[in-house]
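The values are calculated or read from the model by the stated rules, or taken from the named source; none is laboratory data. These numbers come from a predicted model, not from an experiment. All Cβ positions, glycine included, derive from the backbone under ideal geometry; neighbour counts span all protein chains shown. In case anyone asks, the SASA skips ligands and DNA or RNA and just uses the protein heavy atoms, side chains included. Shrake-Rupley method; radii C 1.70, N 1.55, O 1.52, S 1.80 Å.
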Amino acid sequence: MMDKKYDLTITSPETFSAACAQVLYDTIDANPKAVIGLSTGRTTGDIHRKLASLVRENNKDISGITIFGLDEVTGVSPEYYGSCVWMLEHECVTDMGIPAENFLMLPVESDDWERDCAAFAAELQRRGGITLLELGLGENGHIGFNQPGTPFSQRAFRGMMHDYLEARIRRETSTPDEKELGGVTLGIADVMESQKILFCVNGENKREILRKTLYGPVTTDVPATVLQNHSNLQIICDTLAYPAE
């Protein structure tokens, strides 16, 4: 029995991206200094393009808005089309006209990941903290590169990616086996400090993991279940992902 209640909006697959984009735009409209975190992946690309369209159509001044990426692939070029920085630039940041100093990303390379992760998180705090964080949902319940088993106390860090993702990236970038690849991300503790979280989930393949995320036990085995404990969680899912009883 699903007895937990959430701020949940169920859309058609056709209107899903527009509904998510509207929440992002409304945050920009309400707060000219908003710090907004975006996730990359199959779910969010169209959301970001629709957000950029809303900004252009409304001639919105976004000079004070900060956009940042939740995570990044490490060991690749930022010019690689599968890097998070490339995706966000091409999905919305360039079209929105976000000033370079207001587009923040974790690095793809570093000689000190602990230092650079801490500096990234500290810069978000210096700007007032995360106003709104957009999250997608991995099929194993991961958020960002916080894979199953990640402690809920984890701060921004560099970890590993799924084998299938690593294999694809190596193939697409011709990266030799001896070069280490990975993923750097805000940790779960950073995510949970966001003032608001917009949780965007679509597709039939996400139905069962969304059910576990919202109505199962809170466990590091399914990192996204920690969102049950967030005080300002807005969920938008389409009818294909909705875990109806």
Spot the failing condition for residue 56; the list is (1) more than 29 Å from residue 162 (Cβ to Cβ); (2) basic (Lys, Arg); (3) without any contact (Cβ under 8 Å) to a residue 40 or more places away in the chain, and only one is missed.
(3)
Could you grab the pairs with beta carbons closer than 8 Å, sequence gap of 6+ or different chains, first residue in the range 100-114 and closer than 17 Å to residue 87 by Cβ, second one among the small types (Gly, Ala, Ser) and modelled with pLDDT of 95 or more?
104/69; 105/69; 106/69; 106/156
Right, residue 172: acidic (Asp, Glu) and open to solvent by 50 Å² or more (accessible area, probe 1.4 Å) or not?
yes
Filter pass, residue 28 being of a type in the set (A, V, I, L, M), in contact with a Phe, Trp or Tyr (Cβ under 8 Å, 6 or more places away or on another chain) and either at pLDDT below 95 or not in a loop (DSSP other than H, G, I, E, B) (or both):
no
The number of residues in the range 114-141 that are at pLDDT 95 or above, of a type outside the set (Lys, Arg), open to solvent by 10 Å² or more (accessible area, probe 1.4 Å) and farther than 29 Å from residue 56 by Cα is 6
From the options 40, 66, residue that is open to solvent by less than 60 Å² (accessible area, probe 1.4 Å), in contact with a helix residue (DSSP H, G or I) (Cβ under 6 Å, 6 or more places away or on another chain) and either modelled with pLDDT under 95 or under 22 Å from residue 204 (Cα atoms) (or both)
40
Among the residues of the range 201-219, is any in a strand (DSSP E or B), closer than 14 Å to residue 134 by Cα and either out of contact with any helix residue (DSSP H, G or I) (no Cβ under 7 Å at 6 or more places or on another chain) or of a type in the set (Val, Ile, Thr) (or both)?
yes
For the range 1-30, pairs from a residue that is more than 23 Å from residue 231 (Cα to Cα) and open to solvent by 20 Å² or more (accessible area, probe 1.4 Å) to a residue that is modelled with pLDDT of 95 or more and not basic (Lys, Arg), with Cβ under 7 Å and 6 or more apart or across chains, are 12/238; 12/239; 13/202; 13/238; 13/239; 13/240
Filter the range 43-62 for residues that are part of a helix (DSSP H, G or I) and hydrophobic (A, V, I, L, M, F, W, C); which is most open to solvent (accessible area, probe 1.4 Å)?
54
Any residue at all in the range 39-47 that's touching a Lys or Arg at 6+ places or on another chain (Cβ under 6 Å), within 26 Å of residue 241 (Cβ to Cβ) and touching a residue at least 24 places away in the same chain (Cβ under 8 Å)?
no
Residues in the range 157-169 that are open to solvent by less than 20 Å² (accessible area, probe 1.4 Å) and over 21 Å from residue 111 (Cα atoms) total 1
Which residues, taken from the range 142-156, are open to solvent by 40 Å² or more (accessible area, probe 1.4 Å) and touching an Asp or Glu at 6+ places or on another chain (Cβ under 9 Å)?
148, 149, 154, 155
Looking at the range 89-113 only, could you name the residues that are of a type in the set (Val, Ile, Thr) and either under 24 Å from residue 192 (Cβ atoms) or open to solvent by 80 Å² or more (accessible area, probe 1.4 Å) (or both)?
94
When the residues of the range 186-237 are narrowed to those that are among the acidic types (Asp, Glu) and surrounded by fewer than 23 Cβ atoms within 10 Å (Cβ to Cβ), which ends up nearest to residue 105 (Cα to Cα)?
193
